[in-house]
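Asker: Questions regarding the structure given below will be posed in turn.
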Amino acid sequence: MKALLLENVHPLATEILTAAGIEVETRTGALDEAELIDALQGVSLLGIRSKTDVRAPALLGCPDLVAVGAFCIGTNQIDLATATAQGTAVFNAPYSNTRSVVELAVANIIALARRLTDRNAALHAGVWDKSASGSHEIRGRKLGIVGYGNIGSQLSVIAEMLGMQVFYYDTEEKLALGNARRCSSLDELLDQVEALTLHVDGRAGNAGIFGPEQFARMRPRSLFLNLSRGFVVDYEALRDALVSGHVAGAAVDVFPHEPRNRGDAFTSPLVGLPNTILTPHVGGSTEEAQEDIGRFVAGKLRDYALHGTTTLSVNLPTLAPGDVAHAQRVAHVHHNTPGVLAQLNHVLAEHDINVDAQVLATRGSLGYVVTDTDSPLSGAVLGDLGTLPDTVRLRVID
Ligand SMILES: NC(=O)c1ccc[n+]([C@@H]2O[C@H](COP(=O)([O-])OP(=O)(O)OC[C@H]3O[C@@H](n4cnc5c(N)ncnc54)[C@H](O)[C@@H]3O)[C@@H](O)[C@H]2O)c1
């Protein structure tokens with residue numbers, strides 16, 4: 001089996017796949033569609049980051065490709081509908097940079113509370129501005145977290161360890177960690193806290209959820225952070241709140257329109273404001289996160305290749321069938337319609353093949369069944385399984 005890893009995926013990925021007996025070819029850059037199709041002939045596993053588009057022509061034109069690993073968080077660069085229709089598994093690393101975002105949020109809260117931005121700027125300008133005025137410890141201060149998911153809840157634990165009192169609001173029922181207190185509305189949260197940080201997801205309904213009304217409702221001289229999604233906040237309103245002094249400081253890592261490439265020009269109504277930390281969407285960008293992404297996604301590709309495991313796949317039904325302990329394993333992705341399992345087992349029975357173990361899962365339009373048999377499957381059996389009317393993809397795992 002062969003894997004192609006593009007875009008400087010972390011070297012750990014090569015180590016993991018090679019150790020599993022998979023031949024790995026690496027390339028530093030992204031490939032365009034024609035180059036990709038050419039490079040993927042004979043390749044079963046593809047690893048990319050955000051700059052390689054994997055669209056229908058590549059998915060349909062590379063019959064050996066069984067899985068795509070996005071060594072990043074998002075999967076927008078992959079045509080998921082076609083991958084699903086083809087039974088091509090897609091994996092990503094949704095949680096590898098959680099800790100990195102949390103640490104940046106903590107750093108920002110402390111930096112804003114101590115007005116490190118102003119002190120730093122003054123000293124670089126040659127001014128010795130030694131003063132305690134407007135500078136605070138975070139111990140005992142009230143932190144409000146909007147969105148108590150992976151990042152919000154981990155931040156909750158670490159903020160408490162630093163002595164903050166944590167309040168949170170989430171649209172879902174979320175279990176409070178430590179001594180954190182759940183608020184039943186955003187307004188209830190805004191009424192109490194002195195620093196507010198957004199960690200909501202990118203669903204369309206979250207566009208503009210934080211605007212003039214919400215800034216006005218914040219307690220005077222509060223701190224504001226957004227490390228979630230740019231389109232969630234009205235930054236003109238944040239600018240007004242910072243200029244008037246109602247908001248004492250802000251840290252923003254995400255913007256509605258972000259430059260595509262490193263070195264590109266950047267504009268925002270927040271540029272040049274006092275006690276405002278602007279970072280270029282680097283919340284999750286650490287070497288540790290990159291390493292974790294390399295380990296996580298390579299592990300997913302390996303486990304799918306060797307065992308048929310689809311745990312945390314973006315698009316296939318979830319199965320974890322374990323090691324192949326029997327003569328042969330066959331993984332069958334099919335349309336999720338009644339009777340497919342019966343047809344599959346009928347073919348096996350007709351060829352006098354005994355089933356040792358079998359697991360099935362379904363998800364949306366797809367079903368996925370992994371069958372271990374007590375004897376190897378001949379070409380005739382595989383031919384019959386492959387031509388069942390609802391077969392999407394058939395893969396033999398030795
Ligand atoms: N700055 C970065 O570099 C960086 C890195 C990673 C993730 N992120 C972003 O951080 C955000 C959080 O990531 P996560 O992994 O914790 O996501 P998550 O899906 O685990 O958590 C999001 C939480 O927000 C809640 N939520 C959604 N809409 C809400 C609303 N309007 N009000 C209150 N709660 C709401 C959800 O119920 C969920 O609990 C995402 O938008 C993600 O894209 C940014």
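The values are calculated or read from the model by the stated rules, or taken from the named source; none is laboratory data. Not measured: the values here are computed from a predicted model. Don't worry about glycine lacking a Cβ; one is built from the backbone with ideal geometry, like all the others, and counts go over all protein chains shown. With ligands, DNA and RNA removed, areas are computed over all heavy atoms of the protein, side chains included. Shrake-Rupley method; radii C 1.70, N 1.55, O 1.52, S 1.80 Å.
Asker: Take the residues in region 32-54 that are surrounded by fewer than 16 Cβ atoms within 10 Å (Cβ to Cβ) and closer than 24 Å to Ile293 by Cα, then tell me which one is modelled with the lowest pLDDT.
Answerer: Ser50
Asker: With a cut-off of at least 3 residues that are of a type in the set (Phe, Trp, Tyr), name the strands (runs of 3 or more DSSP E) lying wholly within region 153-235. Spell out the reasoning first.
Answerer: Values: elements: 165-169, 195-198, 222-226.
Passing ranges, in order: 165-169.
Asker: While we're here: Just checking, does region 190-197 include any residue being in contact with a helix residue (DSSP H, G or I) (Cβ under 6 Å, 6 or more places away or on another chain), among the hydroxyl-bearing types (Ser, Thr, Tyr) and within 16 Å of Ala105 (Cβ to Cβ)? Working first, answer last.
Answerer: First, pick out the residues of region 190-197 that are in contact with a helix residue (DSSP H, G or I) (Cβ under 6 Å, 6 or more places away or on another chain): 190, 195, 197.
With among the hydroxyl-bearing types (Ser, Thr, Tyr) added as a condition, the list becomes 197.
Next cut, within 16 Å of Ala105 (Cβ to Cβ) only: 197.
Yes, that holds for at least one residue.
Asker: Determine which member of the set Leu155, Leu123, Leu175 is within 15 Å of the ligand (Cβ to nearest atom), open to solvent by 50 Å² or more (accessible area, probe 1.4 Å) and at pLDDT 95 or above.
Answerer: Exactly one residue qualifies, and that residue is Leu175.
Asker: Given the conditions (1) in contact (Cβ under 8 Å) with a residue 40 or more places away in the chain; (2) not in a helix (DSSP H, G or I), which single one is not true for Thr311?
Answerer: Among (1) in contact (Cβ under 8 Å) with a residue 40 or more places away in the chain; (2) not in a helix (DSSP H, G or I), Thr311 violates only (1).
Asker: Any chance you could count how many residues in region 236-246 are hydrophobic (A, V, I, L, M, F, W, C) and assigned to a loop (DSSP other than H, G, I, E, B)?
Answerer: 0
Asker: If the requirement is being within 19 Å of Tyr95 (Cα to Cα) and modelled with pLDDT of 95 or more, which of these qualifies: Ser185, Ser222, Ser244, Ser228? Give the steps one after another, and end with the answer.
Answerer: Details: Ser185 fails: within 19 Å of Tyr95 (Cα to Cα); Ser222 fails: within 19 Å of Tyr95 (Cα to Cα); Ser244 fails: within 19 Å of Tyr95 (Cα to Cα).
Just a single option satisfies the conditions, and that option is Ser228.
Asker: Sort through Gly294, Gly284 and tell me the only one that's within 16 Å of the ligand (Cβ to nearest atom) and either in contact with a helix residue (DSSP H, G or I) (Cβ under 8 Å, 6 or more places away or on another chain) or not polar (S, T, N, Q) (or both).
Answerer: Details: Gly294 fails: within 16 Å of the ligand (Cβ to nearest atom).
Answer to the check: Gly284.
Asker: For region 75-109: of the residues being touching an Asp or Glu at 6+ places or on another chain (Cβ under 9 Å) and away from the ligand (no atom under 12 Å from the Cβ), which is most open to solvent (accessible area, probe 1.4 Å)?
Answerer: Step by step, filter region 75-109, then rank; the result is Asp79.
Asker: In addition: Name the one entry in Asp118, Asp201, Asp187, Asp191 that is among the acidic types (Asp, Glu) and under 27 Å from Ala289 (Cα atoms). Can you show your working first?
Answerer: Working: Asp118 fails: under 27 Å from Ala289 (Cα atoms); Asp187 fails: under 27 Å from Ala289 (Cα atoms); Asp191 fails: under 27 Å from Ala289 (Cα atoms).
Of Asp118, Asp201, Asp187, Asp191, the one residue that is among the acidic types (Asp, Glu) and under 27 Å from Ala289 (Cα atoms) is Asp201.
Asker: Given the options Thr171, Thr117, Thr88, name the one that is in contact (Cβ under 8 Å) with a residue 60 or more places away in the chain and under 21 Å from the mean Cα position of the chain (by Cα). Walk me through it before giving the result.
Answerer: Numbers: Thr171 fails: in contact (Cβ under 8 Å) with a residue 60 or more places away in the chain; Thr117 fails: under 21 Å from the mean Cα position of the chain (by Cα).
After applying the criteria, what remains is Thr88.
Asker: Considering each of Leu238, Leu278, Leu273 in turn, give the residue that is touching a strand residue (DSSP E or B) at 6+ places or on another chain (Cβ under 7 Å) and crowded, with 17+ Cβ neighbours inside 10 Å. Steps first, please.
Answerer: Working: Leu278 fails: crowded, with 17+ Cβ neighbours inside 10 Å; Leu273 fails: touching a strand residue (DSSP E or B) at 6+ places or on another chain (Cβ under 7 Å).
So the residue among Leu238, Leu278, Leu273 that is touching a strand residue (DSSP E or B) at 6+ places or on another chain (Cβ under 7 Å) and crowded, with 17+ Cβ neighbours inside 10 Å is Leu238.
Asker: Name, by its number, the condition in (1) assigned to a helix (DSSP H, G or I); (2) more than 28 Å from Cys72 (Cα to Cα); (3) not charged (D, E, K, R) that does not hold for Ser133.
Answerer: Status for Ser133: all satisfied but (1).
Here is a yes/no grid of residues against (1) open to solvent by 70 Å² or more (accessible area, probe 1.4 Å); (2) over 18 Å from the mean Cα position of the chain (by Cα):
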{"site": "Gly283", "(1), (2)": "no, no"}
{"site": "Glu287", "(1), (2)": "yes, no"}
{"site": "Gly294", "(1), (2)": "no, no"}
{"site": "Leu306", "(1), (2)": "no, yes"}
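Asker: Anything in region 1-22 that is aliphatic (A, V, I, L, M), free of Cβ contacts under 8 Å to residues at least 60 places away in the same chain and assigned to a loop (DSSP other than H, G, I, E, B)? List them, or say none.
Answerer: Scanning region 1-22 gives a single hit, Leu6.
Each row is one residue, and each column tells you yes or no for (1) away from the ligand (no atom under 16 Å from the Cβ); (2) at pLDDT below 95; (3) over 28 Å from Val66 (Cα atoms); (4) under 20 Å from the mean Cα position of the chain (by Cα).
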site: Gly263; (1), (2), (3), (4): yes, yes, yes, no
site: Gln290; (1), (2), (3), (4): no, yes, no, yes
site: Val324; (1), (2), (3), (4): yes, yes, no, no
site: Asn336; (1), (2), (3), (4): yes, no, no, no
site: Leu341; (1), (2), (3), (4): yes, no, no, no
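Asker: For region 241-261, name all the residues that are buried (at least 19 other Cβ atoms within 10 Å of the Cβ) and either without any contact (Cβ under 8 Å) to a residue 40 or more places away in the chain or more than 20 Å from the chain's Cα centre (by Cα) (or both). Steps first, answer last, please.
Answerer: From region 241-261, those buried (at least 19 other Cβ atoms within 10 Å of the Cβ) are 241-242, 247-255; that's our starting set.
Those that are buried (at least 19 other Cβ atoms within 10 Å of the Cβ) and either without any contact (Cβ under 8 Å) to a residue 40 or more places away in the chain or more than 20 Å from the chain's Cα centre (by Cα) (or both): Ala241, Leu242, Val247, Ala248, Gly249, Ala250, Ala251, Val252, Val254, Phe255.
Asker: If you scan region 126-152, which residues turn out to be open to solvent by 50 Å² or more (accessible area, probe 1.4 Å) and within 14 Å of the ligand (Cβ to nearest atom)?
Answerer: Within region 126-152, Asn150 is the sole residue that qualifies.
Asker: Can you tell me which residue is nearest to the chain's Cα centre (by Cα) among those in region 184-204 that are within 10 Å of the ligand (Cβ to nearest atom) and among the charged types (D, E, K, R)?
Answerer: The first filter runs over region 184-204 and keeps only residues within 10 Å of the ligand (Cβ to nearest atom), leaving 185-186, 189, 198-203.
Narrowing further to those that are among the charged types (D, E, K, R): 201, 203.
Values: Asp201: 11, Arg203: 14 Å.
Here the residue is Asp201.
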